[in-house]
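The values are calculated or read from the model by the stated rules, or taken from the named source; none is laboratory data. Values in this document were obtained by computation on a predicted structure and should not be read as measured data. Positions of Cβ are backbone-derived with ideal geometry, glycine not excepted, and every protein chain shown enters the neighbour counts. All accessible areas refer to the heavy atoms of the entire protein, side chains included, with ligands and DNA or RNA removed. Shrake-Rupley method; radii C 1.70, N 1.55, O 1.52, S 1.80 Å.
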Amino acid sequence: MSCRRGLVLRFVLLVILVAITSVAGVPLRAGTPTLKDAYRNDFLIGVALGGTLPDDYSKAELAAIKAHFNAVTPENCMKPEEIHPKEKIWDFEQPDALVKFAEENQMQIFGHTLVWHNQTPGWFFWDHGKPASREMLLERLKTHIDTVMGRYRGKIRGWDVVNEAIAEGGKDDLRQTKWRDGIGDDYIVRAYKFAHEADPQADLQYNDYGIESQPKLGKALRLIKSLQDAGVPVAAVGIQGHWQLDHVPYDNLEKAIDEFSKLGVKVMITELDMDTAPRQAGADVAHHEEGSAPPAEATPAAADILQRQAEQYAKLFALFDKHKDVITRVTFWGLDDGRSWLNYWPKPRIDHPLLFDRQCQPKPALKAIIDVVAKPTE
């Protein structure tokens, strides 16, 4: 009888050991914290999610989300064409589901995005077959911001108010867009003022890609300074972080963090991924490359690619940790490789840019990032 009790006791201890070395079904080494716990004293760890939560995610994916992330960004469902497809039509089903999921799982929410030249329906800019007037555009802009921010007032911590407004090249600081054409350069200031009125407690952010490097860095600094001079309370700048394996701009990124800090704004890394497939484009969604359809079955990434990716992600997070007094959030643009936008842009291909593979199993990069600040005990 005592022998049987001993076996039972050993079995129970084994079950407990397995339980404490796994969080929400995600395997971890004994003594290794989850990603959000490893960086709990540094900054938030976020993930962009799409679809209707939780129904569109597998059990493994939901387990990984709950275990490793404490902030969430809607990948598409709060963009103008999704949430406001026609002037009198609003679609809050997916945004409501995301907000509910985040609240139930104690995740902070960051809205994306209120004003963008892309994924904005054409009706905004037309009035019965002719271009809408400045006054009409401003009225529509204010209605859109008031309605969206008002619905989630007090629930969403911060908003990407304006997204990707800076010009790629040339002497002009601002991108030529329909918003700028119809309203003028002050459309950006007006958008931020509308947003602050709609939810005075929400952090207002500016979000863009490539602003860690010149010439866009200089343009971004001038934009933030102009907003501050106009009395706009800009809380943070979002550096998107759509970087490529072996081409991560570490030095430029560190300089940019320092420059934005001098303006008194925080920095967020808002759309982080590390592209393992070659591309010529920057991160402008309007840019496309010619290419044939990828194989029906995704092939796993080579071991050497995964190792280089792990090392380069770790180097990035060491830089983020160094500047944790300025950086408030790091958000991955998608949960696992199968859900990444990079499988479809700039052409259809198989990519492996995130921390989890297509079966939602952790890749070497996850452990490497955690180990930057929390070496597991042996």
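Within the stretch 43-56, residues that are open to solvent by 20 Å² or more (accessible area, probe 1.4 Å) sit with their Cβ atoms under 7 Å from residues that are of a type in the set (Gly, Ala, Ser), at 6+ positions apart or across chains, in these pairs: LEU44/ALA71; THR52/ALA97. Under the condition of being open to solvent by 20 Å² or more (accessible area, probe 1.4 Å) and part of a strand (DSSP E or B), the residues counted in the stretch 243-273 number 2. Of the residues making up the stretch 324-363, those that are open to solvent by less than 20 Å² (accessible area, probe 1.4 Å), assigned to a loop (DSSP other than H, G, I, E, B), under 24 Å from CYS77 (Cα atoms) and out of contact with any Gly (no Cβ under 7 Å at 6 or more places or on another chain) are TRP333, GLY334, LEU335, TRP345, PRO346, ASP351, PRO353, LEU355, CYS360.
Would you confirm, using the coordinates I've provided, whether ARG308 is at pLDDT below 85 and charged (D, E, K, R)?
No.
Of the residues screened, ILE257 is not one that is under 27 Å from LYS225 (Cβ atoms) and touching a helix residue (DSSP H, G or I) at 6+ places or on another chain (Cβ under 6 Å). Summed over the stretch 214-242, residues that are assigned to a loop (DSSP other than H, G, I, E, B) and either touching a Gly at 6+ places or on another chain (Cβ under 6 Å) or under 23 Å from TYR313 (Cβ atoms) (or both) total 2.
Answer with yes or no whether LYS193 is assigned to a loop (DSSP other than H, G, I, E, B), open to solvent by 30 Å² or more (accessible area, probe 1.4 Å), among the basic types (Lys, Arg) and without any contact (Cβ under 8 Å) to a residue 60 or more places away in the chain. Answer is no for this residue.
Filter the stretch 299-311 for residues that are surrounded by fewer than 20 Cβ atoms within 10 Å (Cβ to Cβ) and not small (Gly, Ala, Ser) and give the result. Matches in the stretch 299-311: THR299, PRO300, ASP304, ILE305, LEU306, GLN307, ARG308, GLU311.
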